[in-house]
Structure formats: structure tokens, C-alpha cells
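Following: one structure in C-alpha cells, then a few remarks.
The values are calculated or read from the model by the stated rules, or taken from the named source; none is laboratory data. None of the values given here were measured: they were computed from a predicted structure. FYI the Cβ positions are ideal-geometry reconstructions off the backbone, even for glycines, and counts take in every protein chain you see. Accessible surface areas use protein heavy atoms only, side chains included; no ligands, DNA or RNA. Shrake-Rupley method; radii C 1.70, N 1.55, O 1.52, S 1.80 Å.
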Amino acid sequence: MSLPTSSSAPTTASPAPTAAASPRPAAVAAPNQAELLDFVRRTAADTDLIASLPLDPQGRTWVRLEGPGGSEAWLIGWPPGTGTGWHDHAESVGAFLTASGELKENSLAARLPADGWKTLELSEKIDRERQLTAGQGRAFGRHHVHEVLNESLTEHAVSVHAYYPPLPQIRRYSRSGQVLRLESVERPEDWQ
């Protein structure tokens, strides 16, 4: 290819230098709920990974995974009769899927105020319940309040979870009838 110079004499373009500056890495888009659900579905299908999780008969076990787009992900083992208690994931969106066994999710079908309350009276018909057998899961938005339980008396369950942004905090609640009470706030250093 010829390029004109200021003197109008034709010259050939010189080849690009071999030590060219490396291009900037492309920004990674934040994963949305559907992408997180796809990730947990694909991860739960990895039978070798699921089988590698050490299971404890007394308490939940977990292993941190590399999630998509900088998300936080976990593989969690649930002994019979265990659960999370009522909690939310603050500003994070998320998804989880049962890889083996069966889990139950109780959730609230309303977005609660993010801050500024200690006790909240819930309206009627706000409760939702889902039975999630192996291969079933769900995605959820910010401030989603729920509890997850393994109600089996004999079988472990294993699940895969992903959150974006990585969990800044988890708020824990107690519930008595229609009254939800904020009990504590956990930070990442409390569970990692």
C-alpha cells in the first residue's frame, strides 16, 4: 500500500513493529441473573466436581468456585435437616440450583426496604415455597429474602450458588408468624 508524503513522493507503509503495545483488555460485563443461572446449571452438571465436595454429617460444607464475570460462587453440601435460616444477599443478584438431593426454598414475594428497619410486619399472602429437586434452581434479584432447607431425614443435598456483585454482606433474620426481625449482619470475613 502506498501512502503519500508531504513531498508527494510515494512510499510504502512500514510493517507494524513486532513489539507493539498490547491492547487493553476488554471490560467484562457484569453477569445478569440468567447468566448466573446458566453458570450454576452447567456447574451442577459436572458430576466429578459435585462428587468431590466433602460431606459432613453434622454441618454444611462449602467450597468457593470461580464464578463468571467476577461473580462469587459456592458449592454447598447440606446434611439432612440443615438450613440457612432467613437471610438476604443485600445488593447482589444471584442464582442457585440443586445438584443432588432436594432442597426447599421459602421466600417472600415482595421487595423489602434495604435499610432503616429492625422489625417488619409482613402482609398476608407474601410467602412462597419451592421444592427444588436435582437439576432445578432459580435466579433472584437484590434484597431477596429467603431460607433454604434440606428437609430430608436421611439424604445429603448439594447445590451450586452464584452472586454478583460478590456478597458485600448477608443480613440474617428471625421470623415469628408475620413478623420479620433483623438479627445480625455478616460480612465476607465471617464466612470465608
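Summary of values
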read-out	value
Conditions (1) basic (Lys, Arg); (2) assigned to a strand (DSSP E or B); (3) farther than 22 Å from Asp56 by Cα; number of the one not met by Lys104	(3)
Residue check, Ala19 open to solvent by 80 Å² or more (accessible area, probe 1.4 Å), among the hydrophobic types (A, V, I, L, M, F, W, C), modelled with pLDDT of 75 or more and not in a strand (DSSP E or B)	no
Matching residues in the range 106-126 - criterion: being loosely packed, with under 14 Cβ neighbours inside 10 Å and more than 25 Å from Asn32 (Cβ to Cβ)	Gly116, Trp117, Lys118, Thr119, Glu121, Ser123, Glu124, Lys125
All positions within the range 78-91 that are outside any strand (DSSP E or B) and modelled with pLDDT of 95 or more	Pro79, Pro80, Gly81, Thr82, Thr84, Gly85
Qualifying position, being among the hydroxyl-bearing types (Ser, Thr, Tyr), more than 15 Å from Trp74 (Cα to Cα) and modelled with pLDDT of 95 or more, among Ser159, Ser174	Ser174
Criterion: among the charged types (D, E, K, R), in a strand (DSSP E or B) and open to solvent by 50 Å² or more (accessible area, probe 1.4 Å) - qualifying residue of Arg175, Arg138	Arg175
Qualifying positions in the range 141-160 - farther than 15 Å from Ile170 by Cα and either open to solvent by less than 10 Å² (accessible area, probe 1.4 Å) or among the charged types (D, E, K, R) (or both)	Asn150, Glu151, Glu155, Ala157, Val158, Ser159, Val160
Subset of the range 35-58 (residues that are β-branched (Val, Ile, Thr) and open to solvent by 90 Å² or more (accessible area, probe 1.4 Å))	Thr47
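To keep it simple, each residue is scored yes or no on (1) free of Cβ contacts under 8 Å to residues at least 60 places away in the same chain; (2) within 21 Å of Leu53 (Cα to Cα).
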| residue | (1), (2) |
| --- | --- |
| Ser92 | no, no |
| Ala95 | no, yes |
| Arg111 | yes, no |
| Leu120 | no, no |
| Val145 | yes, no |
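Per-residue answers, yes or no, for (1) modelled with pLDDT of 95 or more; (2) under 21 Å from the mean Cα position of the chain (by Cα); (3) farther than 26 Å from Tyr164 by Cβ:
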position	(1), (2), (3)
Thr11	no, no, yes
Ala26	no, no, no
Val63	yes, yes, no
Ala73	yes, yes, no
Ile76	yes, yes, no
